[in-house]
1. When DSSP beta bridges are limited to those with both residues in the chain, what percentage is antiparallel, rounded to the nearest 5?
2. So how tilted is helix 140-153 from the main axis of the chain? Cα-based, degrees 0 to 90, rounded to 10.
3. To the nearest 10 square angstrom, what accessible area does H206 show with a 1.4 Å probe?
4. Per the Kirkwood definition applied to all pairs of different Cα atoms, how many angstroms is the hydrodynamic radius of segment 113-238?
5. Accessible area, 1.4 Å probe, largest first: how do V217, V87, V30 sort?
6. Roughly what percent of Cα-Cα pairs across segment 2-106 reach past 19 Å?
7. Compute the angle between helix 170-187 and the longest alpha-carbon principal axis of the chain, please, reported from 0 to 90 degrees and rounded to the nearest 10.
8. From the mean inverse distance of alpha carbon pairs (Kirkwood) and the Cα radius of gyration, derive Rg over Rh for segment 59-164.
Amino acid sequence: MLEITGLDVHFGGIHALKGVTLEVGEGEIVTLIGSNGAGKSTTLRTISGLTRATAGTITLDGTDITRLSAQGRVRRGISQVPEGRRVFATMTVQENLELGAYLRRSRGDKAALAADYDAVFDRFPVLAERRRQSAGTLSGGEQQMLAMGRAMMARPRVLLLDEPSMGLAPLLVQEIFDIIGRFNAESSTTILLVEQNANMALQVAHRGYVIETGRIVLSGPAADLAGSDDIRKAYLGG
Ligand code: ATP
């Protein structure tokens, strides 16, 4: 469904992505794991159109979107939850979710919209309790949930998640990954998940890619990667 071929990104003299090739099939959760500065966020930002590729192609359902604007990609159903959540701090939880719904491609269906609000509040009960609270006063974990809920309200075809576990306590990390897994199973939404927490990412994903200094060095079924000695040594703490 989403195919990235030979992607190069330069920032001035820095060659951040070097021929990145990966694909995400319909309904799959694919994870891109790697250490600090490996190029994970740059890959996501290039897919969502926030960063320009200097070479390579990105196709969605066979259509080349490499030169499409970020807004054009949102309209085609690509929705990103950026690193560090970035909710609209002065707006309420409800208003943030409404903004997510504003991005959906077909807005006419009121019943579907109401069902999606219910589904988000069902997945994140804490957001239901705090519907009228301004988003900037939520805890870090709650803001992550809101950022994910907002992206879900857009009914994306492809959801791009940038380090959802960052800065969260272990119990909350587990909860976030459980929600990602359930959301994928229930909605069949295609997900590309970027993570430093390889352990959790490989538990929830179907397949994975490993990126090191801008290059994909390994790929395969998540269970195989989790069982590999190299991966265990480099990313899973032995
Ligand atoms: P982390 O897990 O720490 O977020 P990452 O794998 O997401 O790391 P990127 O943020 O993609 O890594 O960065 C890849 C490389 O590109 C790094 O060397 C980074 O310093 C560089 N880089 C990223 N964005 C820019 C930019 N706007 N200008 C210059 N260099 C950049």
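1. Details: 22 of 40 bridges.
So the antiparallel bridges in the chain amount to around 55 percent.
2. So the inclination is approximately 90 degrees.
3. The accessible area comes out at roughly 90 Å².
4. On the way: mean 1/r = 0.0636 Å⁻¹.
Here the Kirkwood hydrodynamic radius works out to 15.7 Å.
5. Largest to smallest exposure gives the sequence V217, V87, V30.
6. Working: 2704 of 5460 pairs.
It works out to 50 percent of all Cα pairs.
7. The answer is roughly 80 degrees.
8. Values: Rg = 14.0 Å, Rh = 14.2 Å.
Expressed as Rg/Rh, it is 0.99.
The values are calculated or read from the model by the stated rules, or taken from the named source; none is laboratory data. What you see is a predicted model, and the numbers here were worked out from it, not measured in a lab. Please note: Cβ atoms are built from the backbone with ideal geometry, for glycine as well, and neighbour counts cover all protein chains shown. Side chains included, ligands, DNA and RNA excluded: accessible areas come from the protein's heavy atoms. Shrake-Rupley method; radii C 1.70, N 1.55, O 1.52, S 1.80 Å.
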